[in-house]
Amino acid sequence: MVERPWAFPELTGTGRLRMHALRPAAALPLDGRWRFQLLPSPEAAVTADWEEADVPGCWTMGGTDDLPQYTNFQMPWPGLPPNPPAANPTGVYEREVAVPADWAGRRIILHVGAAESVLIAQVGGVTAGIGKDSHLASEFDVTELVRPGETTTVRLTVVKWSDATFIEDQDQWWHGGITRSVLLYSTDPLHLADVRVRARRSGDLRVDVDVRSGHGPLPGGWRVSATLGGLELGLDTAYGAMLAERDQISTWQGRVRLRGTVPGVRPWSAELPTLYDLVVRLHDAEGTVTDETTLRVGFRDVEVVGRDLLVNGERVYIRGVNRHDFHPRTGRVVSEADMRADLVTMKRFGFNAIRTSHYPNDPVLLDLADELGLYVVDEANIESHAYAREICDDPAYLPAFVDRVSRMARRDVNHPCVIIWSLGNESDYGANHDAAAGWLRAFDPTRPVQYEGAIKYDFGSGPVSDIICPMYASIEEITAHARSGRQDRPLILCEYSHAMGNSNGTLADYWAAIESTPGLQGGFIWEFWDHGLLQRLDDGRPAQCQSQPTDPDRPPGGPYADGVAGPGYRWAYGGDFGDEPNDGNFCADGVVFPDRTPKPAMYEHRELAAPLRLTADAGVIRVHNRQHFRDLSWLAAEWRLDADGAAVRTLPAELPDVPPGGSALLTPPAALIGHLPGDGEVWLTLRVTVRDDQPWAAAGTTMCLPQVHLRAERRALPLRTSGTVGGPPIEVDHDGLLVHPLLAAPPTLSLWRAPTDNDRLAGLGARWADQGLPEPARDPVDVVRDGDRVTVHARYLGGLVVHEQSFTPVTDGILVEETVVLGDALTDVARVGTVFETIGGFDRVSWYGQGPWETYPDRCAGGPVGSHEAAIDELFTPYLRPQESGGRHGVRRFTLTGPAHTLRVRLDRPRQVSFTRYRATDLAAASHHDELVPRPECVVHIDAAHRGLGTASCGPDTLPAFLVGAGTHRWSWTLETT
């Protein structure tokens, strides 16, 4: 064995079999409880003190003293590549295996699905081989090391840190262990070693078969057959010049190519993922089948033509998301049920593509993507973020680059879902990439190759990347490039709309630009998961899981639901396990919470990616099919009429027959809109659902909620009055603050929000604190009475802010009119508005405006206008690090109710509001939700203007239209009580 293989980057493996696309039809599973001990370094001696550990499993999640660590791009230890630290946790797994007696005379293979980061496999005390690459399988031929019918000892040693760690420097938790399944399987010595399929949408099918023998040259007379349905493929004689006979395998090369044309195939796409079973058989000289495999084949074409990526000849929008392997209790270990639940959730919310950031996923996930219908960018396990410039040209790492790319492609080449290969992530660009790309293009010319590091600053690309795939480019940058005349290939953002905390602002603006600009074709949101690990509060350790998750909708164990870790637990992020260095909660940047509860941004994406849309022009409503390959027959719908102040009405809708990309008139029933109620505004919503069960959604699942505005608001708030119209006289205290029996805290000026992650990391939170905005200092006020009207003149921050607030009694309540003038120094504040607190007891709210989920000025396309109702405690969004959340945009009126009182508020025009049990200062002071104590009062914000969310924690800030700056702001509202 090579001395110190964990510090030898030229070594990618020893004794390891070549990667292939086949999986055994039957195997002996070795998953379960293994003997285990954790050594301080790979040089340390194994002792007699064994414990137990799960396989697959991360020892960092399994009760050892080596706990998870989170870093983004910095390495978890100081030092230069390729040298790992001396303190190098090393796990030793061991168990006995009874080798079946009927495997006598067969070839026996040990398969280890994934180990982080160096695997040393021993069988019967003899080293079978070494493998590197934490996210691809290693297989070893152990035929000579076992005796069928007897028991042998399998020992798997896993070294956590290595030279390979420097090119696995991804933004995720660091773990150690065996993270995918281990099994033993057998084949005949003469066997199908590999099968490679090319299936075109025309029905043309090519099958390349590799046959190998464990005993030298192949015997004569053996042949291969392949059938799909009733079609048997014929031999490609042009390829088979080396064959001794027409239907026989070369005895010296072991390869054969078969061809055929399948009539009437239905092409595979993400919308219509049609699969066919291809059966490949190996026959001996007498015709007996000695080996057989079945592959699921999807007929489809992928090509880049000019500035367009085409699937089956159609320019498709890539509505993608980046996905890591993640589970809050098992770390990097995910079950098939978990993977299916991930993809099902994506499909339900309009995603049609995954980027396997930043490594090949379990092949089971690709099976599921084939079946359910998602396009995949398959990415090699290469990221040298901390030392990107040094490693990309280092010849010592050249073998690793080529090895990781080639093994990924050999394994995944038959999956129709894989439409693009990726050379890795954030590793600069150098000769090692060129070498890997050259191998890949020769091996598979049917798919484009991408690599973000190879694109230039202005998005121009060299020969390595067939796609311009920038990271976090702004709308202005991508549209300018598309219109520059220099773009020569598709632009699809590999990462955009960073989903950290309350984020994903301007997503609708991105898609408006993408859909209106030739050359722009979509992108991949960063990312799917919030990587919060479930942590016990009593001892600060990970919550252990002794078995694999099986619930397809939610992780097991039940101490958490709807995004919130339950009593005694919390979602941990970087630093919570004492891990140093760390990058804090930067790992909490997904569109779902750690329990897979969708964040509000998911509803925004669902509407933007909807299969259909509505437009209205002069009262004529049209439905547009936004799909590329599918008609609307799989959808059902119903109309909903929302009129301010009137009851909601619904009626079934009949969707017309609209082909992909087409449109048609859609006339609402006269019974619904013939006599519009009241004189307020009216909205018509089409609730679109799944008509019949789909593999990823039950019948009745909502797909989108497109709306049209039938009538605008005709009413206005009461104007200023000169005398009492109703209600008691206005009472203010000596500070000019309104006194009201149902308010625990009076209406006051609010210029600040608890900083979002975007605010904090972009430096806005610190700037706002320096400006004194959280609790602005107030000068003495002037109170002026004009009849029953009371006006309070206040100055804040030494006159930088001027606030005028007037109170006028009106029927059943108080009219509040407010004007704020922000000085020129306040160019970018969080909000301008009013905050007050009710007395305890108000527990529900109903509102007319956007909802029902959280919306903000630059993330509100997914919140239909209508009548909504919820408990106050349900409106809060529990982002992993507490911050501004729970807002509702475009609210016209709302009513707070409790057992004894009702409080109604009407707004002069649609405004941003929120209702919560926490003050902004409560949220800003907490780092985790277990630190928050709900108040009995309800804290209410009414904002004349509220800053957009943007994505500035990693990417562009919000657009200028969503900033709140200097100048005059006016708003008014009525407060009514019963």
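The values are calculated or read from the model by the stated rules, or taken from the named source; none is laboratory data. Every value quoted in this text rests on a predicted model; they were computed, and no experiment measured them. Please note: Cβ atoms are built from the backbone with ideal geometry, for glycine as well, and neighbour counts cover all protein chains shown.
The numbered conditions (1) more than 24 Å from the chain's Cα centre (by Cα); (2) touching a residue at least 40 places away in the same chain (Cβ under 8 Å) are all true for ALA609 except (1).
Here SER138 does not fit the description of being under 38 Å from the mean Cα position of the chain (by Cα), more than 15 Å from TYR93 (Cβ to Cβ) and of a type in the set (Gly, Ala, Ser).
When residues in the range 771-790 are screened for being surrounded by 18 or more Cβ atoms within 10 Å (Cβ to Cβ) and in a strand (DSSP E or B), 2 of them pass.
Would you call SER406 touching a strand residue (DSSP E or B) at 6+ places or on another chain (Cβ under 7 Å), modelled with pLDDT of 95 or more and among the small types (Gly, Ala, Ser)? No; evaluated as a whole, the condition is false for this residue.
Table: residues versus (1) in contact with an Asp or Glu (Cβ under 6 Å, 6 or more places away or on another chain); (2) crowded, with 24+ Cβ neighbours inside 10 Å; (3) without any contact (Cβ under 8 Å) to a residue 60 or more places away in the chain.
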residue: ASN312; (1), (2), (3): yes, no, no
residue: GLY320; (1), (2), (3): no, yes, no
residue: ARG332; (1), (2), (3): yes, yes, no
residue: ALA337; (1), (2), (3): no, no, no
residue: MET346; (1), (2), (3): no, yes, no
residue: ASN352; (1), (2), (3): no, no, no
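Whether a residue is surrounded by fewer than 16 Cβ atoms within 10 Å (Cβ to Cβ) and at positive phi was assessed, and GLY662 does not pass this test. Reported count of residues in the range 329-356, each being in contact with a Cys (Cβ under 9 Å, 6 or more places away or on another chain) and part of a loop (DSSP other than H, G, I, E, B), is 5.
Looking across the range 168-207, the residues that are assigned by TED's automatic domain parsing to the domain that holds PRO29, of a type in the set (Val, Ile, Thr) and out of contact with any Lys or Arg (no Cβ under 8 Å at 6 or more places or on another chain) come down to ILE178, VAL182. Selection over the range 1-28 of residues that are more than 33 Å from the chain's Cα centre (by Cα) and charged (D, E, K, R) gives a count of 4.
Number of residues in the range 412-468 that are modelled with pLDDT of 95 or more and part of a strand (DSSP E or B): the value is 8. Is it fair to say LEU39 is under 30 Å from LEU366 (Cβ atoms), modelled with pLDDT of 95 or more, outside the structural domain of PRO363 (by TED's automatic domain parsing) and not aromatic (Phe, Trp, Tyr)? No: the conditions fail for LEU39. List, please: which pairs have Cβ atoms under 7 Å, are six or more places apart or on different chains, and start with a residue in the range 447-459 that is without any contact (Cβ under 8 Å) to a residue 24 or more places away in the chain and end with one that is β-branched (Val, Ile, Thr)? Listed pairs, sorted by first residue: ILE455/ILE468.
With respect to (1) at negative phi; (2) of a type outside the set (S, T, N, Q); (3) in contact with an Asp or Glu (Cβ under 8 Å, 6 or more places away or on another chain), the lone exception for VAL891 is condition (3). Residues that are in contact with a helix residue (DSSP H, G or I) (Cβ under 9 Å, 6 or more places away or on another chain) and either among the β-branched types (Val, Ile, Thr) or more than 24 Å from ASP169 (Cβ to Cβ) (or both) within the range 415-437 comprise HIS415, PRO416, CYS417, VAL418, listed in sequence order.
Restricting GLU379, GLU336, GLU371 to those that are out of contact with any Lys or Arg (no Cβ under 9 Å at 6 or more places or on another chain) and among the acidic types (Asp, Glu) reduces the list to GLU336. Looking across the range 373-387, the residues that are out of contact with any Pro (no Cβ under 9 Å at 6 or more places or on another chain) and hydrophobic (A, V, I, L, M, F, W, C) come down to VAL376, VAL377, ILE382.
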